[in-house]
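Asks: Here it is: the structure, laid out below.
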Amino acid sequence: MTWPVRCSMLVLALAVSLTALSQTAPAPSGPLPTARQLRWHEMEMYGLVHFGLNTFQDREWGDGDASPQLFNPDQFDADQIVLAAKAGGLKGLVLVAKHHDGFALWPTATTDYNITRSPWRNGGGDIVLEFQRACARHGLKFGVYCSPWDRNHKDYGTSLYLKAYREQLRELYTRYGELFVSWHDGANGGDGYYGGARERRLIDRTTYYDWDTTWAMTRRLQPGAVIFSDIGPDIRWVGNEKGFAAETSWATFMPVAPDGIGKAAPGYSKDAEAPGGHRQGQFWIPAECDVPLRRGWFYHEDQDNTVKTAGQLLDLYFKSVGRGANLDLGLAPDKRGLLHEKDVSALAEFGQQLSRMFGVNLAASARFEASNVRGKDLRLFGPAQLVDQDRYSYWATDDNVTTAQLTINLGFARTFKIIRLRENIKLGQRIEAFAVDAWIGTGWKEIATATSIGANRLIRLPENVTTSRVRLRITQSPVCIALSDFGLFVEEGVR
Ligand code: FUL
């Protein structure tokens, strides 16, 4: 080999290894989200529709003995409900296909206690299908909630009921297209009609439902759907029905039984641990914050004045989506089969405020300076990745750099009130603490500190800040940084 050839080969080898070095992404850290969980995180908000015999009885929990003849929503319009949800920024709807009273909103072969026995459309209707089709028409995802507790079923408490319950799920999983979630609540109050027995039936929540077998079926028939329950396996209940996660909330979680020792199960877990999750949790099980738009989950005329205002919804948005969780907002169609006008306008106003607020990122055209960029590779790991709207492109630091700072030069004085950060969660939840400073007068002034970020972290400052320079300091992380988003937003006209 001649000298020039040897030389150029050396240069080539060097170039190749340098490129390889600079292009190495940080190693993932801790539990990681699955593809179906990533899609769920991207949704941020969806709705939970409660509608059924309860609506016609003015009740939250029916006993399971009401006549199907009561169900007759003469103006039912799934499009009206779905469009109202869409205007509110909701990206999907979960329909309660069967609540605890056992009344099935679809023509199921598993029980007579279903919609075919109602006068609505002469028994030929299918509410589940109507919602699924309306969601598809308007670009929303669709999911189902089928209550495990069934106060109508005569076999509730025996293995015969469990067979019927699984068959109900099988029908729902196979007739209504691709579902984004299979939602399972943990309630079981004991008393019920139970085919006329009218008694109290208690089951062992840790064994009776044999969830692992059911969820294996979910995976087989709906591989793209996340499974929600108090404890996951994909999404955990946040532990309250008020719509908020803890200020520090980890997507990582380890289900714990109420006694702290036994096996946890849906309806049998330590709720108090759910709002915050566990930093050292073994699984990626982020929180869903469910809360009704009105006081109750079902429609009650005397609750027309309890519809949350757009301002209240925004507050909940900050305390759920803004803490890395998702918001699941309860919608309650009325006896007509429509969302009440008040609910429709609250949703519309909320949606408008959200799009106004997050429409313009004041940091989008800023000049970023990072104290460290992984492998000095600005193209792959530079701070420009923070404003490209891609949740998975990111600013990263070298492996040994676990604290870093970023200066955001806005060019001229801007006023903002909201700060948004996101991590590239494909690499796990990494950052544990950070601070934000603003250049005020002649120096830096700390304007915010916070902890967990994960899929999303929103900070709503107590007042507007006006500055031309902002500084982000990542102050604690066990591993190098992989931040995907930095945003500054205005809050105006929020009622
Ligand atoms: C709970 C139920 O008991 C409520 O009625 C409602 O459906 C709520 C979303 O889940 O477990």
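The values are calculated or read from the model by the stated rules, or taken from the named source; none is laboratory data. Since we're looking at a predicted model, the values are computed, not measured. Ideal geometry is used to build each Cβ from the backbone, glycine not excepted, and the neighbour counts take in all protein chains shown. Ligands, DNA and RNA are stripped out before the accessible areas are found, and what is left, the full protein with its side chains, is counted by its heavy atoms. Shrake-Rupley method; radii C 1.70, N 1.55, O 1.52, S 1.80 Å.
Asks: Output yes when any residue across the range 281-293 is within 15 Å of the ligand (Cβ to nearest atom), under 22 Å from Leu347 (Cβ atoms) and surrounded by fewer than 18 Cβ atoms within 10 Å (Cβ to Cβ), and no when none is.
Replies: no
Asks: Further question on the same structure: So which of Gly47, Gly64, Gly92 is modelled with pLDDT of 95 or more and in contact with an Asp or Glu (Cβ under 6 Å, 6 or more places away or on another chain)?
Replies: One residue alone meets the criteria, Gly64.
Asks: Condition first: open to solvent by 20 Å² or more (accessible area, probe 1.4 Å), among the β-branched types (Val, Ile, Thr) and part of a helix (DSSP H, G or I). Now tell me which residues in the range 92-117 satisfy that.
Replies: Hit for the range 92-117 is Thr116, nothing else.
Asks: Would you be able to tell me the number of residues in the range 295-318 that are buried (at least 21 other Cβ atoms within 10 Å of the Cβ) and of a type in the set (D, E, K, R)?
Replies: The total comes to 1.
Asks: Let me ask something else. Against the definition (under 21 Å from the mean Cα position of the chain (by Cα), part of a helix (DSSP H, G or I) and surrounded by fewer than 16 Cβ atoms within 10 Å (Cβ to Cβ)), how does Gln352 come out, yes or no?
Replies: yes
Asks: Looking only at the range 374-408, which residues are part of a helix (DSSP H, G or I) and either among the β-branched types (Val, Ile, Thr) or in contact with a Pro (Cβ under 6 Å, 6 or more places away or on another chain) (or both)?
Replies: Residue satisfying the conditions is Val387 alone.
Asks: Residues that are of a type in the set (Val, Ile, Thr) and touching a residue at least 60 places away in the same chain (Cβ under 8 Å): which strands (runs of 3 or more DSSP E) entirely in the range 409-495 hold 2 or more of them?
Replies: Correct list: 457-476.
Asks: For Gly224, are the conditions met, namely being of a type in the set (Gly, Ala, Ser) and touching a residue at least 24 places away in the same chain (Cβ under 8 Å)?
Replies: Answer is yes for this residue.
Asks: When the residues of the range 430-447 are filtered to those that are among the aliphatic types (A, V, I, L, M) and open to solvent by 10 Å² or more (accessible area, probe 1.4 Å), which remaining residue is nearest to the chain's Cα centre (by Cα)?
Replies: The qualifying residue nearest to the chain's Cα centre (by Cα) is Ala433.
Asks: Restricting the search to the range 49-103, which residues are away from the ligand (no atom under 16 Å from the Cβ) and at positive phi?
Replies: Residue satisfying the conditions is Gly89 alone.
Asks: Filter the range 175-220 down to residues that are assigned to a strand (DSSP E or B) and either open to solvent by 50 Å² or more (accessible area, probe 1.4 Å) or over 15 Å from Tyr165 (Cα atoms) (or both) and give me whichever is farthest from the ligand (Cβ to nearest atom).
Replies: Among those that are assigned to a strand (DSSP E or B) and either open to solvent by 50 Å² or more (accessible area, probe 1.4 Å) or over 15 Å from Tyr165 (Cα atoms) (or both), it is Glu199.
Asks: Filter the range 259-280 down to residues that are on the phi > 0 side of the Ramachandran plot and crowded, with 19+ Cβ neighbours inside 10 Å and give me whichever is modelled with the lowest pLDDT.
Replies: Gly267
Asks: Further question: Just one of (1) part of a loop (DSSP other than H, G, I, E, B); (2) closer than 21 Å to Val96 by Cα trips up Leu327, so point out which.
Replies: (1)
Asks: Count, please, the residues in the range 118-172 that happen to be open to solvent by less than 10 Å² (accessible area, probe 1.4 Å), part of a loop (DSSP other than H, G, I, E, B) and within 16 Å of the ligand (Cβ to nearest atom).
Replies: Counting residues in the range 118-172 that are open to solvent by less than 10 Å² (accessible area, probe 1.4 Å), part of a loop (DSSP other than H, G, I, E, B) and within 16 Å of the ligand (Cβ to nearest atom) gives 5.
Asks: Let me ask something additional. Counting only residues that are surrounded by fewer than 22 Cβ atoms within 10 Å (Cβ to Cβ) and within 14 Å of the ligand (Cβ to nearest atom), how many does the range 230-258 have?
Replies: 4
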